[in-house]
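Below is one structure, written out as structure tokens, with a few remarks after it.
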Amino acid sequence: MLRAEGISKNYYRKRDGSNVFTAVQPTDFELPEGQVTEITGRSGSGKSTLLNLLAGLLAPSTGKVWLDDADLYALPDGALSRLRNRRVGVIPQGQSGLHSLTVLENVLLPARLYGRGPVPEARARQLLERMGIADLADVRPGDLSGGEMRRMAIARALILEPSVVLADEPTGDLDDGNTAAVLELLRDTARQGAAVLLVTHEAGAARYADAVYRMDSGRLTRE
Amino acid sequence: MIGKLSLKNLAGKPGRTAAMVLLAMFLSFSIFAGSLTVLSLQQGLNGLEARLGADIIVVPYEATTKFDVKSMLLQGNPGYFYLNRSFADKVATRPGVEATSCQLYLASVSAGCCSVAVQLIGFDPESDFTILPWAQETYHGEIGFGDVLVGSDISVPTDGVLRFFDVDCRVVAQLAKTGSALDTAVYANMETIQALIEASQAKGLNQYNDISADEVVSSVLVRVAEGYDVESVKNDINLHVRKVVAVRASNMISTIADNLTGVSRLIGAFIAAIWVLSLVIMMIALTMLMNERRREFAILRVMGASRRKLAGLVMAESALTNLLGGAAGVALAALVVFPFSGVIEARLGLPFVLPGGGRVLALALGSLAACLAAGAAISAVCAARISRIDTSLILREGN
């Protein structure tokens, strides 16, 4: 499924490269299908950077990321973007609603980016139902609370039934009930065969994970 | 999908969209209204040059103090001066003079057609080489007694009869527009003019009681033979024919041409200023917009939109706003220039003839295309910037 070989990420604070900040130390990492893998760690420890590296959104300083046989960073942007659209569901940090679209349209957008066939509206409504925001389908993101917008982003990431789900703090802004619902949904997604990465501070998330890693100063260790 | 998303983005932010549409509207309005005005002025001058039709105009010496071709052409003020026909014969015999044609000016007090006195101009259809070629665009028949040719601005009654000094005159043709005072003149042969002179004398309305169309003329139009220098022929007439002054026709309209050049330059500078200003504002506005929308683009990248798709989104939105604004600008310019062409003509004091439908359409499409191209060029710069965004960094901003 998704695996990283020797990936690292350095940021050069000076043009001559004399001041280097290493966000992710050289790491081998694998996301097995059918499992939820959790990464915890303090803010700024490099969790989100690693997630972005795995999502094909941030080129690593060293190493490679493979999705099955595809070397992500060897692909041209068009092919990488299409692959991400079809196979990788990313739940980014923070608010990620497109304000010109309704909640339902936001959720369906990944399906419309490249698709010419019918959009999976029934699945979208089902996901919204599962997230408890079905009645907000025709509302615009500007009218949603932070938690509702978060759940909308989760539904959107899962709309195309991706084989890899990369969730960055998916339960931020959520109350306990909704946190449980989201984690349960991600667990179910893994049960259906997806490889799920859960980057979180959520103390109880480990109960839903098959493997737990910890990130400290860019170094990833299994717990 | 990109097209639909663009539409929704534009509809979702009406204030932002309106501002961009307004900028595009300024661009197309300025270029269409400005170029249409310049083209109309150019067309007016060309028409005037063509209608003047003579290389040299000869008038009585005494007329030089009260005769100004520019005012005759633009304000319809030919002046009343007369010259014995024998001088016209002398002019005709000078070397280099290929043809001459005489004209006689007479003002009517009023006519049913007009709210002000119209200029009655007598000409000789046999020798004429200026009025008939003009008339032949619409009329090929004879100009008999009582027949008149009227300028384009003369209102012709439904029965085609105009009455001057109680003499009925049949309108046989209406001349093409020149954008000058020639458009408010009425042309008749010398017989008709003689009848009108007599009718005016009978009514006591003519201050020149002793004139006769058989004996006097107001001006002699001269066509110079091929191979002769117009300036030399003019000088020769001035030297050898007494009591007259010969003036080059091209010199006469050179003032108008100079004015037109000045006005055209002014309009050109105005268009350039609006364009520079609008393009700078558009560039700043789009750059600010793109910065404001960085997170939106980053989210699209997360969903799998390629850099090309993002660029396409920016370009599509720009094309839509520029198309809408451009079309609105062209329509607004048309609403200003067409109904107010008379006012523009009067204000500028230059001949003004709107071009034909085909040229106007081409100009409108050209203006729209220029507006779209300018918008596309600016959007392309913004799209290129967007394609370089660091998605991961933007996603972390503000969290």
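We did not get these values from a lab; they are worked out from the coordinates using the rules stated. No experiment lies behind these values; they were computed from the predicted model shown. Cβ placement follows ideal geometry from the backbone for every residue including glycine, while neighbour counts extend to all protein chains displayed.
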Centroid-to-centroid separation of segment B:283-300 and segment B:332-363 [C-alpha atoms, Å]
40 Å
Within 10 Å of the Cβ of an average residue in A:91-98, the count of other chain Cβ atoms is 6
Can you tell me the FRET efficiency between residue A:214 and residue B:373 if r is taken as the Cβ-Cβ distance and R0 is 60 Å, rounded to the nearest 0.05?
0.60
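Within 10 Å of each residue's Cβ, count the other Cβ atoms and sort A:201, B:140 from fewest upward.
With the fewest neighbours first, A:201, B:140 line up as B:140, A:201.
Please give the peptides A:144-153, B:165-174, B:348-357 ranked by average Cβ packing (other Cβ atoms within 10 Å per residue), highest first, as a rough proxy for protection.
A:144-153, B:348-357, B:165-174
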Taking GluC sites (Glu not before Pro) as candidate sites, keep only those in a DSSP loop with at most 15 other Cβ atoms within 10 Å, then name the longest stretch of chain B containing none of them.
B:227-396
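In Å, the Kirkwood hydrodynamic radius of segment A:2-222 over pairs of distinct alpha carbons?
By the Kirkwood definition, the hydrodynamic radius is 17.8 Å.
Please work out whether the protein assembly as shown counts as rounded, prolate or oblate from its C-alpha gyration tensor, where a ≥ b ≥ c are the square roots of the eigenvalues and a/c under 1.5 means rounded, while otherwise a/b larger than b/c means prolate and anything else oblate? It would help to have the intermediate numbers written out before the result.
Values: a/c = 5.20, a/b = 3.58, b/c = 1.45.
Prolate shape, in that a/c is at least 1.5 and a/b is the bigger ratio.
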FRET efficiency (residue B:226, residue B:203; Cβ distance; R0 60 Å; to 0.05) is 0.80
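Give the residue list of trypsin sites (Lys or Arg not before Pro) in segment A:21-100 that are DSSP loop and have at most 12 other beta-carbon atoms within 10 angstrom.
When the trypsin sites (Lys or Arg not before Pro) of segment A:21-100 are filtered for loop state and at most 12 Cβ neighbours within 10 Å, A:42 remain.
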In Hz, Karplus ³J(HN,Hα) per residue of segment A:46-56 (6.51, -1.76, 1.60; θ = phi - 60°; x = Gly, Pro)
x, 4, 5, 4, 4, 4, 5, 4, 5, 7, x
Where the centre of each part is set by its Cα atoms, how far does segment A:66-119 sit from segment A:151-220, in angstrom?
18 Å
Quick check for me: using +1 on Lys/Arg Cβ and -1 on Asp/Glu Cβ, what's the dipole size of chain B about its Cα centre, in debye to the nearest 20?
3420 debye
Please figure out what share of the DSSP beta bridges in the protein assembly as shown is antiparallel and state it in percent, rounded to the nearest 5.
65 percent
Value of [θ]222 nm, deg cm²/dmol, for chain A, DSSP H segments ≥ 4, -39500 (n - 2.57) each, nearest 500
-10000 deg cm²/dmol
Label residue A:68 and residue B:361 with points 7 Å out from Cα along Cα→Cβ: what is the distance between them in nm?
5.5 nm
Given R₀ = 25 Å, what would the calculated FRET efficiency be for residue B:145 paired with residue B:347, taking r from the Cβ atoms and rounding to 0.05?
0.05
Note on chain B: alpha-carbon gyration tensor, axes a ≥ b ≥ c; rule is a/c under 1.5 for rounded, else prolate if a/b larger than b/c, else oblate; result prolate
Per DSSP helix of 4 or more residues, -39500 (n - 2.57); summed, then divided by the residues of chain B. What does that give at 222 nm, rounded to the nearest 500?
-19000 deg cm²/dmol
Of the trypsin sites (Lys or Arg not before Pro) in segment B:233-283, which ones lie in a loop per DSSP and count no more than 15 other C-beta atoms within 10 Å?
B:242, B:243
Under the Karplus relation with 6.51, -1.76 and 1.60 and θ = phi - 60°, whole-Hz ³J(HN,Hα) for segment B:122-131, x at Gly and Pro, equal x, 9, 9, x, 5, 9, 5, 10, 10, 7
Of the options A:96, A:153, A:61, report the single residue whose Cα projects farthest towards the positive end of the charge dipole of segment A:2-222 (beta-carbon charges: Lys, Arg +1; Asp, Glu -1).
A:61
Angle check, please: helix A:146-158 long axis (alpha carbons) against the longest principal axis of chain A (alpha carbons), in degrees 0 to 90, nearest 10.
80 degrees
Of all trypsin sites (Lys or Arg not before Pro) in segment A:91-146, the ones in DSSP coil with at most 11 other Cβ atoms within 10 Å are A:116
